[in-house]
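Right, one structure below, let's go through it.
Bear in mind these aren't lab numbers, they're just calculated from the coordinates by the rules spelled out. Owing to the predicted nature of the structure, the values given are computational and were not obtained by experimental measurement. Cβ: placed from backbone, ideal geometry, glycine included. Neighbour counts: every protein chain shown.
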Amino acid sequence: MFKVTVGKKILIANEEYAAQNQRFIAEHKKVCLNMISSPGSGKTTILARTITEMRGKIRIGVIEGDIATEIDAERIRAAGAPAIQINTEGACHLSAAQISEALKKLAIDNLDLIFIENVGNLVCPSAFELGETAKVAVLSVAEGDDKAVKYPAIFAKAKALLINKIDLLSAVGQVDFDIEKVKGDVHKMNHDIKIFAVSAKTGEGMAGWYEWLTLTMKVTTPGRTTP
């Protein structure tokens, strides 16, 4: 008897929506980055600072994913960017179908770059393609330096990794979080990933992240016009 598991059916349907999203993003000459991390890593703070400091250079919109509330979407709007909130009501990741609906609600012609801030989770979101241009991982020093080897999927797939909250290193201590160890672990599974040690709170290291964003925009959408 031929049997198809429910999980396989879900993934197939998701992949169909992801392919549609990918075509939509490419046709509109936009870049879409899917940001994935544990809860509390500082994704929203990174995005808010990026929006503020890249204003006039890159027009950014954000699709926010959370189980409940519009707290993060409100922070993004306060920073000056449009935000569409998706509440998953218990699901540990965003789906490509949800992103498809959110893209229709964004004034995409007025944007250059769309960030998807996925539900805080290092496992589930890495298994679901959304049609994004690339994945970006975030890891905070407060989480410990073993996360890349414990949850390798997202670090193996991501084009960039932000090691955030380096301003806390003096409190956490080099013994508890070894940045060079993390870089070594990640590069073993992903030779091409770009790694940025940053503090979204103080701004330290963020210039390198902005340079990468700018280069990604130029390489991915060479025909775009700057604001």
Straight-line reach check, LYS105, cutoff 14 Å on alpha carbons, 8 or more apart in-chain or any other chain, hits among aspartates and glutamates -> GLU64
For the range 60-178, the percent of all C-alpha pairs falling in each 5 Å bin, from 0 up to the bin holding the max distance, is 2, 10, 19, 20, 19, 15, 9, 4, 1, 0
Please label the shape of the range 38-116 as rounded, prolate or oblate, based on the square roots a ≥ b ≥ c of the eigenvalues of the alpha-carbon gyration tensor (a/c under 1.5 means rounded; beyond that, a/b larger than b/c means prolate, else oblate). oblate
Cα-projected label distance for GLU15 with HIS28, points at 7 Å along beta-carbon direction, nm: 2.5
Can you tell me the equivalent ellipsoid semi-axes for the chain? Use √(5λ) from the Cα gyration tensor, largest first, whole Å. 26, 23, 17
Mind listing the long-range amide H neighbours of VAL198? Cut-off is under 5 Å, sequence gap 5 or more, other chains count too, H placed in the peptide plane at 1.01 Å from N. ILE163, ASN164, LYS165, ILE166
